[in-house]
Amino acid sequence: MARLLRSHRTEVGTRRGRRALGCFKQAVLILRWFIDGARLSQLARDNALSTSTAYRYLHEGLTVLAAGAPDLATALERAKAAGLTHLNLDGTVIRTDRVAAPGPNGADLWWSGKHKHHGGNVQVISAPDGWPIWVSPVRPGREHDTTCARHHGLIDALNRLADQLGTLTLVDLGYENAGDGFRHPVKKPAGGELTEAQQTFNRVIRGIHG
């Protein structure tokens, strides 16, 4: 983290002695926020900074880390090179404070009706062992997982990957009818029951995906 910050300061032309914290102490501040969930007010006091400066240092670190993340095409190329048997895709809503942003129909854009709180939808592609290989930019929590995946180009990209290499993507029922490159559990029919074969299929998919 400190090396990344030093490279960033060199790139933007930060002069020596113009920052309240050196790269190492700034890196510690950022990692305490990530690992311990320390409040910014506490981090500011511990480093004799104003709260606004602590926020600025934190967000600089987040920007530096994000700049090193692979884009979708690079992540999928690495997955191809690694010969992964399949990929996992799932969306999660990260809780946030209230965001006053009405959507097209006037409803709160960042309110997740499913989770009953404000948040942002983030899509994650992971390797078979669950290790994340790509994380999307945030979308409003009100949006459905499939809507977010289409916005990021995931549906087309993962269907192409399956067509080219046979690498399927395991998902939950939130991605129903996304395409032939996806495998999700069979939905229970209205007023009916799943067959024994369908129940077995669902156990296999959920077990591997989980």
ask   = Which percent of the accessible area of region 143-186 is formed by carbon and sulfur heavy atoms (probe 1.4 angstrom)?
value = 43 percent
message = In whole Å, what are the extents of the chain along the principal axes defined by its C-alpha atoms, from largest to smallest?
response = 69, 44, 30
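What is the local net charge at Q199, summed over the other residues whose Cβ is closer than 10 Å to its Cβ (Lys, Arg +1; Asp, Glu -1)?
Values: positive: K188, R203; negative: E193, E196.
So the surrounding residues net to 0.
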task = For region 53-113, just say rounded, prolate or oblate: build the C-alpha gyration tensor, square-root its eigenvalues into a ≥ b ≥ c, call rounded for a/c under 1.5, and beyond that prolate if a/b exceeds b/c, oblate if not.
result = oblate
inquiry  = Which residues among region 133-168 fall inside the zone where the amide N is under 17 Å from a point 7 Å beyond the Cα of E176, along Cα→Cβ?
reply    = 144-148
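Between T200 and A69, what is the FRET efficiency for a Förster distance of 45 Å, r being their Cβ-Cβ separation, to the nearest 0.05? Don't skip to the answer; put the middle values down first.
Numbers: r = 38 Å, r/R0 = 0.85.
Given R0 = 45 Å and the Cβ-Cβ separation, E is 0.75.
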query = Relative contact order for the chain using alpha-carbon pairs under 8 Å, separation at least 6, rounded to a whole percent?
reply = 13 percent
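Using the crude model of +1 on Lys and Arg Cβ and -1 on Asp and Glu Cβ, and no other charge, please compute the dipole size for the chain relative to its Cα centre, in debye to 20. Intermediate results must be reported in sequence, preceding the final value.
On the way: 27 positive and 19 negative charges, 254 e Å.
About 1220 debye.
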remark   = Probe 1.4 Å, heavy atoms of protein chains only: per residue, the accessible area of region 34-122 in Å² is 61 Å²
remark   = Highest mean packing first, using Cβ neighbours within 10 angstrom, the peptides 194-203, 152-161 sort as 152-161, 194-203
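The values are calculated or read from the model by the stated rules, or taken from the named source; none is laboratory data. Because the structure is a prediction, the values reported are computed rather than measured. Virtual Cβ from ideal backbone geometry, glycine too; neighbours counted across all protein chains shown. Side chains are part of the model used for accessible areas, which takes the heavy atoms of the whole protein and leaves out ligands, DNA and RNA. Shrake-Rupley method; radii C 1.70, N 1.55, O 1.52, S 1.80 Å.
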